[in-house]
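Encoded as structure tokens, the structure appears first; notes follow it.
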Amino acid sequence: LHGQVYANANVANYLPIYSGNIAGGNLTVSAGTITVGNIVAAGNLIGNIGTSSNRFNTIFARATSAQYADLAEKYIADAVYPAATVVVFGGEQEITTTTIHGDARVAGAISTQPAYLMNSLADGLPVALRGRIPVRVIGAVRKGDSLVTSTTPGCAVSVGTDLNWGQAVFAKSLENNDTAGPIIIEAVVV
């Protein structure tokens, strides 16, 4: 049996127990359990477990890294907002923009590609709740400045390092910007 290729769809009828390596091609199992020791890629390859149309229900594994940087959750918006738009809880739905400087209802900003998306199958837009994301700002900002909502809908503004903004602070700038804006900068949602 060693070294032979089996293409029969009912190979399990011929090999109820198989030990050894499967090299190349695809392993397709329509039902049953596959018990393995290790699944090892032949080098640094990009592979998938399942597809966008054929998903697994629950995967019990330990993640050691993520491709993207933020934690986000979907919320229903009262309009379609582009990535980096600053949003607050409120409006006709769950989230909206605001014209209030330092609005304590701030939720975060619309995420581009979250590392982890909660309620991923729900309707709505992904709002970054923690982590590094692009944020639309207006006015000058320095690295480490606290960001709050501005009077320009969908934009944040720097309040520097002033500690008097409490719940209104939702992010910290990761870069300097001297233009009037609006412009998109990198920030960390805190």
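The values are calculated or read from the model by the stated rules, or taken from the named source; none is laboratory data. Values in this document were obtained by computation on a predicted structure and should not be read as measured data. Note that each Cβ is placed from the backbone with ideal geometry, even for glycine, and that neighbours are counted across all protein chains shown. To get the accessible areas, we keep the full protein, side chains included, count just its heavy atoms, and leave off ligands, DNA and RNA. Shrake-Rupley method; radii C 1.70, N 1.55, O 1.52, S 1.80 Å.
Subtracting the Cα-Cα distance from 0.36 nm times the residue separation, let me have the gained length for Ala122 to Glu92 in nm, one decimal.
Details: separation 30, 0.36 × 30 = 10.80 nm, distance 1.77 nm.
Computed gain between Ala122 and Glu92 is 9.0 nm.
What is the Cα centroid distance between the stretch 157-177 and the stretch 84-115, reported in whole angstrom?
Using only Cα atoms, the two centres lie 15 Å from each other.
So what are the ³J(HN,Hα) numbers for the stretch 145-158, from phi and the Karplus equation (6.51, -1.76, 1.60; θ = phi - 60°), rounded to whole Hz, Gly and Pro as x?
Once θ is set to phi - 60°, the couplings for the stretch 145-158 become 5, 7, 10, 10, 5, 10, 7, 8, x, x, 10, 9, 9, 6 Hz.
How high is the FRET efficiency from Ile76 to Thr99, r the C-beta distance, R0 25 Å, rounded to 0.05?
Working: r = 21 Å, r/R0 = 0.83.
After rounding to 0.05, the efficiency reads 0.75.
Of the heavy-atom accessible surface of the stretch 77-116 (probe 1.4 angstrom), what whole percent is carbon and sulfur?
Values: 950 of 1880 Å².
Within the stretch 77-116, the accessible surface is 51 percent carbon and sulfur.
Give the residue list of chymotrypsin sites (Phe, Trp or Tyr not before Pro) in the stretch 83-165 that are DSSP loop and have at most 12 other beta-carbon atoms within 10 angstrom.
Numbers: sites: Phe89, Tyr116, Trp165; in loops: none.
Hits after loop and neighbour filter: nothing returned.
Can you work out the Karplus-derived ³J(HN,Hα) for every residue in the stretch 66-79? Use 6.51 cos²θ - 1.76 cosθ + 1.60 with θ = phi - 60°, whole Hz, and x for glycine or proline.
With the stated coefficients, the stretch 66-79 comes to 9, 6, 10, 10, 10, 9, 10, 9, 7, 9, 6, 9, 7, 7 Hz.
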